[in-house]
Amino acid sequence: MENVDIAEDLSPSEKISLLLEKVEPGSVRYNALQAALDFKGSWVELGRHLKEVEAEELWSQWEYSSVTEYYKNELYLGRGEIRKLREGYEWLQNEAPELLEWRDEAYGGSGGERRPTPDMDTVDQLSRGWQEAEQERLPQETYLELKRAALAGERSASQLRREFKEAIPEHLRDKPEPNPRKHLKRALDALEKALNEIEQADGEDNNPELFERARQLRDEIFHLVAMKGEDE
């Protein structure tokens, strides 16, 4: 089945539901769409389907020019969601394969109960911690302890993010990117405040030339701030 045109005024869920009516039930494409529709409760299943779609380049059979186009126009997934799904599923495969025991026999499961899988944001933080440990930026014992705690339900995504960050030695932490616009805005705010104080004190009459130069400087900084905002 080729790429399907769907009305643009529908919500993503409505669009996916319509696509489900046109796709062969039980096919990889159908399962991926169904998992996307149930995204909140079945991110692991969706990650599994996406891995299969990518591995076999199935999107090309559905007349998409790239896997990115397929994700965007059929599953309505953003880049951040795709990254979390891809890296989260990879983490489960490598670090917690026992959580991938499916109940459904079609996925190779035993049909019995399985341990609950953490939510996608928690696994995303575990994946990041794993990568940091692999790069020897994070102590291995810290990663393993936080992994154990998270799988036991003792750590949330926000707690993991904070504890992983704090565990990385200062000299190995990522340095923040320079932000000239932030400094320019501070200078602009300070200059605006100074000009207002001068106006209130009638200081402009005492030195009009200096006041005019200050206003010109303010206007130039304002222009620079606006230019930096457009670049971002």
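Quick notes on this structure:
- Which numbered condition TYR71 fails, given (1) within 30 Å of ARG148 (Cα to Cα); (2) modelled with pLDDT of 90 or more: (1)
- Residue within the stretch 193-209 that is over 30 Å from LEU92 (Cβ atoms) and touching a residue at least 40 places away in the same chain (Cβ under 8 Å) present: no
Condition check ((1) touching a strand residue (DSSP E or B) at 6+ places or on another chain (Cβ under 7 Å); (2) buried (at least 21 other Cβ atoms within 10 Å of the Cβ); (3) under 20 Å from LEU19 (Cα atoms)) across all residues:
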{"site": "ALA36", "(1), (2), (3)": "no, yes, yes"}
{"site": "LEU50", "(1), (2), (3)": "no, yes, yes"}
{"site": "ALA55", "(1), (2), (3)": "no, no, no"}
{"site": "SER60", "(1), (2), (3)": "no, no, yes"}
{"site": "GLU74", "(1), (2), (3)": "no, yes, yes"}
{"site": "GLU81", "(1), (2), (3)": "no, no, no"}
{"site": "TYR89", "(1), (2), (3)": "no, yes, no"}
{"site": "GLU95", "(1), (2), (3)": "no, no, no"}
{"site": "LEU99", "(1), (2), (3)": "no, no, no"}
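- The single condition among (1) closer than 23 Å to TRP43 by Cβ; (2) in a helix (DSSP H, G or I); (3) modelled with pLDDT under 90; (4) not small (Gly, Ala, Ser) that LEU146 does not satisfy is (3).
The values are calculated or read from the model by the stated rules, or taken from the named source; none is laboratory data. Just so it is clear, the structure is predicted and the values come from calculations on it, not from any experiment. So basically every Cβ, Gly included, is an ideal-geometry build from the backbone, and we count neighbours across all protein chains shown.
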